[in-house]
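The block underneath contains the structure these notes are about, expressed in structure tokens.
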Amino acid sequence: MPIASRSYDVAIIGGGLAGLTLSITLAEKGCRVILLEKESYPFHRVCGEYISMESWPFLERLGIPLSALMLPRIHTLTVSAPDGFSITQPLDLGGFGISRYTLDALLAERAVAAGVTVLTGCRVTDVPFSGNDFRVEAGTFSCTASVAIGSFGKRSNVDVGMKRPFIMHKPGKLNNYIGIKYHIRMGLPSGQIGLHNFAGGYCGVSEVEGGKHCLCYLTTAANLEKSGNSIRQMEKQILCNNPHLKDIFTRASFDWEKPESIARISFEQKASVEQHLLMTGDAAGMISPLCGNGMSMAFRSGQLAQEALLPFLAGKISREGMEHAYQRAWKLQFSTRMRAGRLIQSLFGKPGPTKLFLKLLSPFPIFTREIIRSTHGNAF
């Protein structure tokens, strides 16, 4: 662990996309920033690894050399029902693929170069607020900060320690999903992202760097229980009832013997400010994969936090003003996209409604285009 100061303007708990990009922009504006991440870069995360082009200019401004990386461009979406019925639609804005293994490591390097104190292998256990400062506690290390940012993803021990409402609820329909991710190699169509439904879930497949595809699916804990708590058995008995997925699981070469996985994913509403922490990315609200792409939304949430906290650090607004400004901005930016994602998700994973929905959309590509547009933002 590198030598760190004991006092900062901003402490960011969690080194995901929102936290890393926010740390860079704050450091470039002269803020003293510390970022604490429990893992060590590079590492894999459960993520669909598709980013819409709205984020390309932002990442290049941060110093991430996207053009030089020769990343795959994605311009077409294919959606299939559990029985294989599918529709294909061009993506007006389009996107690109890059693994979190690569992107997070590049962002972490850039953060260090910008002057951020990045502590890895560092698990935060508590972030109490007292007086006008936070104390960040992580094992034998502790520091203080004027502002603390929660960027710890879908589910964290910090959430548990704070007793956030979604953590305290019993497992139910909205808070008991599991996510599974593989990297595969297979001759799939170039430039296409597939979203394939199966009973109780859906699976995204899109190209990333190095000639690989990210295969990431979301399903219920009930599906896993039906399959004897065996991921392989669940894939064979449930996912492969969709012929598109059966073809992939039969013919693809899997890079890993075991997938990345995460349990108890919650889609319940979360507060964007909790116990004075500004929450970003999935910590502020689990972003449905059907909102378009959570990666771009994570970047944007970090920038909204910056716009709210800089006036506070400059003494221009109160802490209460900062928190209200962030809550308003978060709602304005994301509420429509979150609603659209939840609405579409309520249909997906159900064989009958999914097929009916796709059949109704099939003759009217203009409606499909509008739905896709509602889940994406503008370039920033």
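The values are calculated or read from the model by the stated rules, or taken from the named source; none is laboratory data. All of these numbers come straight from a predicted model, not from anything done at the bench. Here the Cβ is made from the backbone with ideal geometry for all residues, glycine too, and neighbour counts use every protein chain on show.
When the residues of the range 241-273 are narrowed to those that are assigned to a helix (DSSP H, G or I) and touching a residue at least 12 places away in the same chain (Cβ under 8 Å), which ends up surrounded by the fewest Cβ atoms within 10 Å (Cβ to Cβ)? Of everything passing the filter in the range 241-273, R251 is surrounded by the fewest Cβ atoms within 10 Å (Cβ to Cβ).
Inspect the range 102-114 for any residue being of a type in the set (S, T, Y), surrounded by fewer than 24 Cβ atoms within 10 Å (Cβ to Cβ) and in contact (Cβ under 8 Å) with a residue 12 or more places away in the chain and give the result as yes or no. Scanning the range 102-114, I find at least one residue that is of a type in the set (S, T, Y), surrounded by fewer than 24 Cβ atoms within 10 Å (Cβ to Cβ) and in contact (Cβ under 8 Å) with a residue 12 or more places away in the chain, so the answer is yes.
Please verify whether the range 21-37 includes one or more residues that are over 20 Å from K181 (Cα atoms), small (G, A, S) and part of a strand (DSSP E or B). It would help to see each step written out before you state the result.
Kept after step one, since they are over 20 Å from K181 (Cα atoms), are these residues of the range 21-37: 21-37.
Now narrow it down to the ones that are small (G, A, S): 23, 27, 30.
The next check asks that each one be part of a strand (DSSP E or B); those that pass are none.
No, there is no match, as no residue in the range 21-37 is over 20 Å from K181 (Cα atoms), small (G, A, S) and part of a strand (DSSP E or B).
State the number of residues belonging to the range 15-33 that are surrounded by fewer than 24 Cβ atoms within 10 Å (Cβ to Cβ) and either modelled with pLDDT under 95 or among the β-branched types (V, I, T) (or both). Here the count works out to 1. If you go through the range 275-286 and keep only what is buried (at least 17 other Cβ atoms within 10 Å of the Cβ) and either in a helix (DSSP H, G or I) or modelled with pLDDT of 90 or more (or both), you end up with L277, L278, M279, T280, G281, D282, A283.
Meeting the requirement of 1 or more residues that are touching a Leu at 6+ places or on another chain (Cβ under 6 Å), the helices (runs of 4 or more DSSP H) wholly within the range 58-168 are 100-114. In the condition set (1) under 24 Å from I87 (Cβ atoms); (2) at pLDDT 85 or above, K355 is compliant with all but (2). Evaluating V160 against the criteria (1) crowded, with 17+ Cβ neighbours inside 10 Å; (2) modelled with pLDDT under 90 leaves one unmet condition, (1). Looking only at the range 40-75, residues that are free of Cβ contacts under 8 Å to residues at least 12 places away in the same chain and under 15 Å from the mean Cα position of the chain (by Cα) come to 0 in all. Taken over the range 304-336, the criterion of being outside any helix (DSSP H, G or I) and of a type outside the set (A, V, I, L, M) is satisfied by G315, K316, S318.
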